[in-house]
Amino acid sequence: MKTLSPLALIPIYLSIIISLGLNEAYLYRYNQLNLCHSLTTQLSINQLSLRRHEKDYFFRKQQKYLSQWRQRLSQLKQNFSSVSQCFNEGTQSADLIAEGEQRLNGYQTNFMVLVSELDKEDKQSLSMLNNLMSQQEVLEKTTKIEDTNIYAQTLAIRQHLFEYITSEQAISLELLSTNVYELNQWEGISSKLKIELDSYLKQISILKQFVESHQYSHEAGTMGAMRSNIHKLEEIIPALAQIIEQKIDNHHKVRWLLYLIILVSVFATLRIIRRTYIKE
């Protein structure tokens, strides 16, 4: 039997090199797709956290929630920048990334406009509340001297005022208005007290009109635009994740094609070896 020719080793080496190269390419691409999937997951987590900080700020109006919102927004923008590298330019996926970044910028602009408006409104509301508290103090001093029965009622009125200050609930303001109005209808009230109660009612009316005129509709104006942008973003992020998952699924199918190529390479190599040997 003849010895194996050195030239016969060439296809053997080639089949090994091709198999290893294809396997490395497969693993490299698979790791890339897994990283992209992790980035889309982080996108979703940061988007949900951003909404939570948004709601916390609007509900409590504390600067720490605004700072947390800004930090989370920065992370979300970095996530979009990283995820954009997972898709080729000119594809539908790249267009989704571009739209997502555009929606996020629009959401940021709308949110900051609302923050500015709320800050201005808070200052105006605080001024009106200060006027009401001054009016309450004057009313208590006057009734304490003139009529103890009416004075007892002013203490109940003060309770509703403090409830509104601490909760900002419309029902507390309505109860305050009702109690002052009913007190103003009492018989035997002096003209001086009537003037002060009329003034009190006027201050309450001004505050009620201010509150009603500055209520935000969830579907209109700046608030509506902000919600529209973030809701669209909430649709885009899962769509990106789904595209990555589909790419990973397709890549798994490539693995079987890779195995077939390796098998064919091994089979071809064995045929070459067999033909190289000449049996006696």
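Ranked by solvent-accessible area (1.4 Å probe, protein heavy atoms only, all chains present), the residues LEU183, LEU155 order from largest to smallest as LEU155, LEU183.
Projected onto their three principal axes, the Cα atoms of region 24-66 cover extents of 53, 13, 5 Å, largest first.
Here LEU39 sits with roughly 40 square angstrom of accessible surface, probe radius 1.4 Å.
Fraction of C-alpha pairs exceeding 15 angstrom in region 59-117: 57 percent, rounded to a whole number.
The values are calculated or read from the model by the stated rules, or taken from the named source; none is laboratory data. No experiment lies behind these values; they were computed from the predicted model shown. Protein only, heavy atoms only, side chains kept; ligands, DNA and RNA dropped before computing areas. Shrake-Rupley method; radii C 1.70, N 1.55, O 1.52, S 1.80 Å.
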